[in-house]
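Written out below as structure tokens is the structure these notes cover.
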Amino acid sequence: MLKRFLYLDFTALADYVSALEGGTRAGVERRHLGAGKGEGALDAKIVRAGGQRSYEDEESLKLSDTPEARFERLLHLAEADPELSGWVDVVNPETDLATVGIGAMVSTECDVYVPDLVQALSTSGGLGDALDTLDEMMPYAAALGLDTTTDLPPKHERDAVKGFIEKLGGNLVAVGEYEGSAWKVVGELQGQYLRDDVEGVAQIIGKVSKRWSTGQWKPLLALPGSSLLPRAERRELERKRPKPGEEDEYMEGPAIMLHVLAIYQ
């Protein structure tokens, strides 16, 4: 099956393939040698002789070792020796995710999306630009009939939101859900490896870094194993629990956190 990658961490991919193959491949050269026979004749003044000549035709093709080619090799290597690679194909999330260990490489199909909160706070979400525009318009607020003390969030709150956006940069959090199961998979996506919008049913492959059980809540911006925020700020958020109406800002277990390698359709 041809794959359309929405996300591919080619740095981690190169490390995984190198470990399984015992080195790094710079490229590959394919050679094709063909052979055959053809009719030939020798002309002379006195004699004419007919015969056959043989020939060889060699074709050489040099290919670069692309991330897509490495990924296909990784799949073949994992299928050949799942114990060595720690590979787990999730067929039934209720049983497979309940027993998967930290460090296992999980491959699972689920409905993937980026939560609205994370999307809004990303550099591509537009909220940062809107706040900058609002700050630029503040001197004209009175002329527009706005009461800046009640109609608009105070400046310290606007600055705090813009600070979050700057810290997030181009990174996102993706969530994968299953029909008929409470289990979820969660993973941080680094901006430089994103290839397209992450949305819809897709295959996720990643290494398990954390897990939490039913009834446990983790803030989306402070997920264990992520680097969306500095450690001190993550710990402060982790101590909080969702208030009524704030559930969308948290992730409830049971769930596993992945170092995401690839998302594709």
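We did not get these values from a lab; they are worked out from the coordinates using the rules stated. All figures in this text were calculated on a predicted structure; none of them were measured in a lab. Don't worry about glycine lacking a Cβ; one is built from the backbone with ideal geometry, like all the others, and counts go over all protein chains shown.
Could you calculate the FRET efficiency of SER18 with LEU84 from 1/(1 + (r/R0)^6), where r is the beta carbon distance between them and R0 is 22 Å, rounded to 0.05? Between SER18 and LEU84 the formula returns 0.95. Take the Cβ-Cβ distance between GLU246 and SER213 as r, set R0 to 22 Å, and report the resulting FRET efficiency rounded to the nearest 0.05. With a Förster radius of 22 Å, E is 0.60. Starting at the first residue of region 96-107, write each ³J(HN,Hα) from the Karplus equation 6.51 cos²θ - 1.76 cosθ + 1.60 with θ = phi - 60°, in whole Hz, x for Gly and Pro. Working through the residues one at a time gives 5, 6, 5, 10, 5, x, 5, x, 5, 9, 9, 10 Hz.
Simple spin-label estimate for ASP96 and HIS76 gives 2.3 nm between the two label positions (7 Å along the Cα-to-Cβ direction from each Cα).
For the residues MET257, MET105, what sequence is obtained by ranking on other C-beta atoms within 10 Å, fewest first? Don't skip to the end; give the middle numbers.
Values: MET257 25, MET105 21.
Ascending number of Cβ neighbours within 10 Å: MET105, MET257.
Using 1/(1 + (r/R0)^6) with R0 = 35 angstrom and r between the beta carbons of GLU179 and GLU238, what's the FRET efficiency to the nearest 0.05? Could you put the intermediate results ahead of the total?
Working: r = 29 Å, r/R0 = 0.84.
FRET efficiency, GLU179 to GLU238: 0.75.
With K and R counted +1 and D and E -1, the other residues having a Cβ less than 11 Å from that of VAL118 yield a net charge of -4.
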